[in-house]
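S.K.: My questions will all concern the structure given below.
Read the figures in this text as sums done on the coordinates, not as results from a lab. The shown structure was predicted, so the numbers you read here are calculated from the model rather than taken from an experiment.
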Amino acid sequence: MTLLREAIGDSLRRARLAQHRTLREVSTSARVSLGYLSEVERGRKEASSELLAAICEALDVPLSRVLWDVSTIMAGADSSVPREPALAEPVADPVAEPVPAEPSATASAQADVDARIGIAEDTRIVIPAPRAEMLVLVKGM
């Protein structure tokens, strides 16, 4: 099980290393002790929201980007755990496009394929984001 503090630390460390910066440089810029920043990056300490904001500012990375990265890490960790079937009806996805009243020929053909290979109608396929070491962080102007 991945802890939230470990995922946050992992994301911060990858952002720092992608910029080829040292702990000392970031800790000085964020006005955080070197040891404490190291503990946060290793997932040993829980960082407050103020501390996270200061570290993100020092890294020139939006806090929202770090949180998005953390949610991706946590979702990947959760996907390895087998899940119990839902007892309640699935909740409609507010972002999803509305389902047409009558399925199109393409939709019914896809449903036939899904049924043949055993995919439930309400199954969602999640494609994980690329690993951070493959991403390039660019400082905005």
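S.K.: Step through the residues of the stretch 42-48 one at a time and calculate ³J(HN,Hα) from phi using the Karplus curve (6.51 cos²θ - 1.76 cosθ + 1.60, θ = phi - 60°), rounding each to whole Hz and writing x for Gly and Pro.
M.R.: Listing the rounded values in order: 7, x, 8, 10, 7, 8, 6 Hz.
S.K.: Karplus couplings for the stretch 52-65 from phi (6.51 cos²θ - 1.76 cosθ + 1.60, θ = phi - 60°), rounded to Hz, Gly and Pro as x?
M.R.: Coupling constants for the stretch 52-65: 4, 4, 5, 5, 4, 5, 5, 8, 6, 10, x, 4, 4, 5 Hz.
S.K.: Still on this structure: I need the phi-derived Karplus couplings for the stretch 22-32: 6.51 cos²θ - 1.76 cosθ + 1.60, θ = phi - 60°, integer Hz, Gly and Pro marked x.
M.R.: 8, 4, 4, 4, 5, 5, 5, 5, 8, 6, 10
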